[in-house]
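Below is one structure; the comments refer to it alone.
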Amino acid sequence: MSAAVQTLDISPVGRVEGDLDVRVDIQNGVVVNAWTQAELFRGFEVILRDKDPQAGLVVTPRACGICGASHLTCAAWALDTAWKAEVPRNAILARNLGQIVESLQSLPRHHYGLFMIDYTHKNYSHSKYYEEAVKRWSPFTGTNYELGVTISGRPVEIYALLGGQWPHSSYMVPGGVMCAPTLTDVTRAWSILEHFRRNWMEPVWLGCSFERYEQIQSYDDFMAWLDERPEHANSDLGMFWRMSLDVGVDKYGQGHGKYVSWGYLPHEDKYNRPTIEGRNSAVLMKSGVYDGASDTHKLMDQVYTREDLRHAWYDEPGGMHPFERVTKPVGKNPVDYDNKYSWSVAVRHDQNGRLEAGPLARQLIAGGTHGESWQHFDPLVLDMYKKLGGASVMLRHFARMHEGVKLYRQAEHALREFRLNDPWYVKPTEKDGKGWGATEAIRGALCHWIEVQGGKIKNYQIIAPTTWNVGPRSDGGELGPIEQALIGTPIADMNDPVEVGHVCRSYDSCLVCTVHAHDANTGEELARFRTA
Amino acid sequence: MANLLWLQGGACSGNTMSFLNAEEPSACDLVTDFGINVLWHPSLGLELGDNLKKLLNALTSGQMPLDIFVFEGTVVNAPNGTGEWNRFAGRAMRDWVSDLCKVANFVVAVGDCATWGGIPATAPNPSESQGLQFLKRDQGGFLGKDYKSKAGLPVINIPGCPAHPDWITQIVVAVATGRAGDLTLDEFQRPKTFFTSFTQTGCTRNMHFAYKVSATEFGQRKGCLFYDLGCRGPMTHSPCNRVLWNRQSSKTRAGMPCMGCTEPEFPFFDLAPGTVFKTQTVMGVPKDMPSGVDKTGYIKLTAAAKAASPRWAEEDIFVV
Ligand code: SF4
Ligand code: SF4
């Protein structure tokens, strides 16, 4: 006897930005099919058409207020490549620093505000860690919640020193940056960083010094670290790890097993004459595609990018490279799971199909030996991935938080390397051309393509990390990364599918999500939940 | 205990992110110190598996009181006035907004999108976006110009792209603690306490403005950004240089021209070619004059200022 399939429609899933609806089919308490559906269209690419070439610097940070610095970075590098600008080393460092502090801000904000609060859910009241979880992580009132959410505002004070405010400054411009920090700006930035480290990263998050944490190079090292001292086991990282195992979020949320990163943080002396082709060999954090099944790493090149529109609400042929897109939204957007059901396109790699973007992808790629010898290498998460048998909600979230120390070190590097009396900006000559700017926002691969013609924007295209991850099915029926990761998720309580929220939030998709519950056989709606 | 509901329409979450930077009071303080009951917020709060629609229905039917309705983002009307391009909890967001505004005691529009339409409403406005009670400079917007919330106030507009966290928390606390009577609003329904002075008020480049010394390019520590780089500081009502951003700075202090984001026209000139970060001039005279200054006055002032300009004005006064 096969159990009836029940469909759960979650709308909105919540605690992410924008609007995401998720539909899941459930059989024997396990998700057997899933659809992710982006429910908001603002048309930024349409707005940018025919505008000033620099309009992207103003408009695209507003595409996402959570990772606006990353959009600004892409917008600036895209114009730099189109205009063949020269970018002085101070400016590269200042752009990197801005992006890094935005990411540092996002770590505690996502960790406490969006992710850990689910561990206080009554579903887990049987866990031996539950009482402690409630004490630490309850929204607004939890001890570490309040500390973490409040201190998350500090790193972006450094952004304000560079660009005047966070979010939504446009201080990165083709040819460099608008600011010229002074010695006091630099020393102030240092003290802000130190405050963040001494009051949250070391005592609360890690329970140890950066130096101790940096010694962890493998899964075994990590487990030894966990047992080494009570401060480690009881830190938020230690507690997160132990409770994750206890409540089983290490057992689902696997996904495709194929990953992408554009790489990021251009080296201050290697990308002063930026070109699209030269980027891979100029970024500190290397780009790549990792295939977990064959355990192979390759460099990523933007020419492989394709957008499938078969299940997305656009009236255009599919399978095009972003330079070929025109962004033509459909007039009417009814939800039809056999046809079109999302504003998100299905992004794919010309040769490798669907790919997952995000911090886990970055860390798996950081473990590859492809790329240049001077580029960043970190084997830890790749080792965990292999030993733990692939991805999971737990590993994806761990990878996100693991990056904090490394980013912090890069922020220190920028502050140390600024040459305050050297130029911050070299005025470029405006010209027509095609440009591409990419980076890694905290939640994954982000890039902009621009074509300037006749002194105005002919085409502007953005592919955000969420576009990779929440995309609907592809032309060939392959599931989107989150759709795929939802498969196999156990649902303890149909009336309260917290597990679906875990999977979505482990991707930190920049959409607000919703789940709707249906009986797939009768089509009858059972319930509708938000998972926030 | 004031019930607060915060929803997002055509938004980027920038105002939410800005709000989380608040320190006195912080977002957590609103709950723990001021007893504000955050019923739902798109990126905060727990209530897993809760039936949001039920909650929204309880509010719209009057079963549960809605003291403060905060809206971030535009009201999306596309396609063709249906709002289907922005669905939320199974329904066009615009329909939720319309119902919630009928029962709310106070309605607070946070950020440019909710106040005037902001970036999404920039031509050609593909999402047919509107602000709650304005579209750009025109009063009316989604709710109509006669709209008043149950407490008898029009929508309280806190513009800015994003709004500064202190502007948000201060107004929310004022309303939640019964001080709404002290709020005075200007013609664009902005609280006067914030939006009467100019961005330029308190700008560290003010002395350069006075002596007409220009920052001719980016990355310069001296010079005013008005003459060449398109700064709108003298024409923009905002306290950005009085209530600093992230406790540290402001755009103009850091060297970025003010784009006038608290004014209904933002983004100015609809970002037409040639208008971004470049002062628009007619025969060498800026097209948009500092508020209250006419062209003849400006030309005279300029000549005098240039003649009187001290030597230090051309030097790097914010020295490394
Ligand atoms: S930089 Fe802008 S705000 Fe500052 S003085 Fe000049 S015009 Fe005014
Ligand atoms: S300085 Fe101008 S553009 Fe910047 S936030 Fe203030 S009003 Fe907006």
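The values are calculated or read from the model by the stated rules, or taken from the named source; none is laboratory data. Fair warning: this is a prediction, and the values are worked out from it, not measured in the lab. Backbone-built Cβ (ideal geometry, glycine too); neighbour counts: all protein chains shown.
What the table shows:
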item: Boolean, A:LEU360 is away from every other protein chain (no Cβ under 14 Å), touching a Leu at 6+ places or on another chain (Cβ under 7 Å) and of a type in the set (A, V, I, L, M); result: yes
item: Which listed residue is of a type in the set (Asp, Glu) and surrounded by 15 or more Cβ atoms within 10 Å (Cβ to Cβ), from A:GLU277, A:GLU324, A:GLU307; result: A:GLU307
item: Residue within region A:383-394 that is in contact with an Asp or Glu (Cβ under 7 Å, 6 or more places away or on another chain), under 25 Å from A:THR466 (Cβ atoms) and crowded, with 24+ Cβ neighbours inside 10 Å present; result: yes
item: Within region A:160-185, considering residues that are facing chain B (nearest Cβ under 7 Å) and either assigned to a strand (DSSP E or B) or in contact with an Asp or Glu (Cβ under 6 Å, 6 or more places away or on another chain) (or both), the one farthest from ligand 2 (Cβ to nearest atom); result: A:GLY176
item: Sole residue being farther than 25 Å from B:ILE299 by Cα and either of a type in the set (Gly, Ala, Ser) or not in a loop (DSSP other than H, G, I, E, B) (or both), chosen from B:ARG242, B:ARG253; result: B:ARG253
item: Matching residues in region B:262-312 - criterion: being assigned to a loop (DSSP other than H, G, I, E, B) and more than 29 Å from the chain's Cα centre (by Cα); result: B:MET283, B:GLY284, B:SER309, B:PRO310
item: Total residues in region A:52-73, condition more than 19 Å from B:CYS113 (Cα to Cα) and touching a Leu at 6+ places or on another chain (Cβ under 6 Å); result: 2
item: Helices (runs of 4 or more DSSP H) completely within region A:304-418 that count 3 or more residues being closer than 30 Å to A:LEU161 by Cβ and aliphatic (A, V, I, L, M); result: A:393-417
item: Selection count where residues are within 14 Å of another protein chain (Cβ to nearest Cβ), of a type in the set (A, V, I, L, M) and in contact with a Pro (Cβ under 9 Å, 6 or more places away or on another chain), scope region B:61-118; result: 5
item: Residues of region B:119-137 satisfying the condition of being facing chain A (nearest Cβ under 8 Å) and in contact with an Asp or Glu (Cβ under 8 Å, 6 or more places away or on another chain); result: B:ILE119, B:THR122, B:ALA123
item: Unmet requirement for A:ILE47, which otherwise passes all of (1) at pLDDT 95 or above; (2) over 21 Å from the mean Cα position of the chain (by Cα); result: (1)
item: Condition check for A:PRO155: within 22 Å of the chain's Cα centre (by Cα) and within 16 Å of ligand 2 (Cβ to nearest atom); result: no
item: Residue count, region B:4-37 (criterion: facing chain A (nearest Cβ under 10 Å) and in a loop (DSSP other than H, G, I, E, B)); result: 8
item: Whichever residue in region B:177-199 is away from chain A (no Cβ under 14 Å) and within 13 Å of ligand 2 (Cβ to nearest atom) and, among such residues, is farthest from B:LYS150 (Cα to Cα); result: B:PHE198
item: Tabulated pairs, region B:233-261, first within 8 Å of chain A (Cβ to nearest Cβ), second more than 10 Å from ligand 1 (Cβ to nearest atom) and of a type in the set (Lys, Arg), C-beta under 8 angstrom, 6+ apart or interchain; result: B:GLN248/A:ARG188; B:GLY255/B:ARG221
item: Residues located in region B:100-136, provided they are among the hydroxyl-bearing types (Ser, Thr, Tyr) and more than 15 Å from the chain's Cα centre (by Cα); result: B:THR122, B:SER127, B:SER129
item: Residue list for region A:108-127, filter: away from every other protein chain (no Cβ under 11 Å) and either surrounded by fewer than 20 Cβ atoms within 10 Å (Cβ to Cβ) or of a type in the set (Gly, Ala, Ser) (or both); result: A:SER125, A:HIS126, A:SER127
item: Out of A:GLU324, A:GLU307, A:GLU356, A:GLU316, sole residue that is at pLDDT 95 or above and not basic (Lys, Arg); result: A:GLU356
item: Residues satisfying the stated conditions in region A:128-146, i.e. surrounded by fewer than 19 Cβ atoms within 10 Å (Cβ to Cβ) and assigned to a helix (DSSP H, G or I); result: A:GLU131, A:GLU132, A:VAL134, A:LYS135, A:THR143
item: Positions within region A:128-151 being closer than 30 Å to B:CYS203 by Cβ and more than 7 Å from chain B (Cβ to nearest Cβ), in sequence order; result: A:ILE151
item: Residue that is away from every other protein chain (no Cβ under 14 Å), within 16 Å of ligand 1 (Cβ to nearest atom) and farther than 26 Å from B:SER129 by Cβ, where the choices are B:VAL282, B:VAL213; result: B:VAL213
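Each row is one residue, and each column tells you yes or no for (1) outside any helix (DSSP H, G or I); (2) within 16 Å of the chain's Cα centre (by Cα); (3) modelled with pLDDT of 95 or more.
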| position | (1), (2), (3) |
| --- | --- |
| A:LYS51 | yes, no, yes |
| A:GLY65 | yes, yes, no |
| A:LEU93 | no, no, yes |
| A:ILE100 | no, yes, yes |
| A:ARG109 | no, yes, no |
| A:ILE117 | no, no, no |
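The rows are residues; the columns are (1) over 17 Å from A:ALA38 (Cβ atoms); (2) of a type in the set (Lys, Arg); (3) under 22 Å from the mean Cα position of the chain (by Cα).
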| position | (1), (2), (3) |
| --- | --- |
| A:PRO266 | yes, no, yes |
| A:ARG273 | yes, yes, no |
| A:ASN280 | yes, no, yes |
| A:LYS286 | yes, yes, yes |
| A:ASP295 | yes, no, no |
| A:GLY318 | no, no, no |
| A:PHE323 | yes, no, no |
| A:ASN333 | no, no, no |
| A:SER342 | no, no, yes |
